[in-house]
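These notes concern the structure reproduced below.
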Amino acid sequence: MKLLPEVSQAMLSQLYKETNILLVQAGKLYLVEDGDLVRAYNKTKHGFVIVSDEYVSQFDKHTTIHSEGCWIVTDNPAYNMDKNAKHNAIQLFLVDESLTKPLIQRIGEIRGAVMTLCELTAQLLEQDVITTGNDKL
Amino acid sequence: MPSEDTTLMTIEFLRDYASFGSRGHLLLVQAIEEKMRAVDDANAKKLLTVKIYQEFMSALEDLGALCIAIRHRDEGMGLVYNYLTYGQKQKKEGQFPHQPG
């Protein structure tokens, strides 16, 4: 860092702040409810289906219709946030602009952290402060 | 010791990714946000919200993969290769990315 005073002054303080915020956010995603939310997300990535009715796969359908939420159907109770629930569905979240707005803002901040990290690494490589491995490409 | 070409290629990749590739998630959620404002269908809004959430998770995953690639840049295959093969390696080992426990 002594070799790159302009980087340490201009970029690092902001990067440090942003990284700390993002690490807290990532930690929450991993740790909240034993990581069930992250597991649920993986289900959507690997072929599981999102449905609008929590009880769509139940024979004795519940009469309450949850019109505001999105649900993932799963056959594995281990992925269910509600350990006492008899049905195997996971609520993702409510559809609400107050929830999506901060998410979009965070995506912008994540991109800022990626850009800073790339530029910082590029400058350190340029000045031979660090090396890269023998890339297979 | 990596060659000068390898180092230059890595620098070029990092700057290209910073200015171009890393923009994808943000661009997509902004487009989804516009679409959400334009539609009245509640079910369409639900599915679009899920897509925003997926992009958020995916952006976090990219940041994590970049940190891992930089941290392990000197181990074996190098920074760029480690980054590009992040997800594939996890799948080969029988574990999906972001699947704790």
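No value in this document is a laboratory result; all are computed from the given coordinates. Just so it is clear, the model here is predicted, and its values are computed rather than measured. Positions of Cβ are generated from backbone atoms using ideal geometry, with glycine treated the same way; all protein chains shown enter the neighbour counts.
Size of region B:2-78: Rg and Dmax of its alpha carbons, in Å, are 17.6, 57. Applying the criteria of a DSSP loop state and at most 11 other Cβ atoms within 10 Å to the chymotrypsin sites (Phe, Trp or Tyr not before Pro) of region B:13-64 yields B:PHE20.
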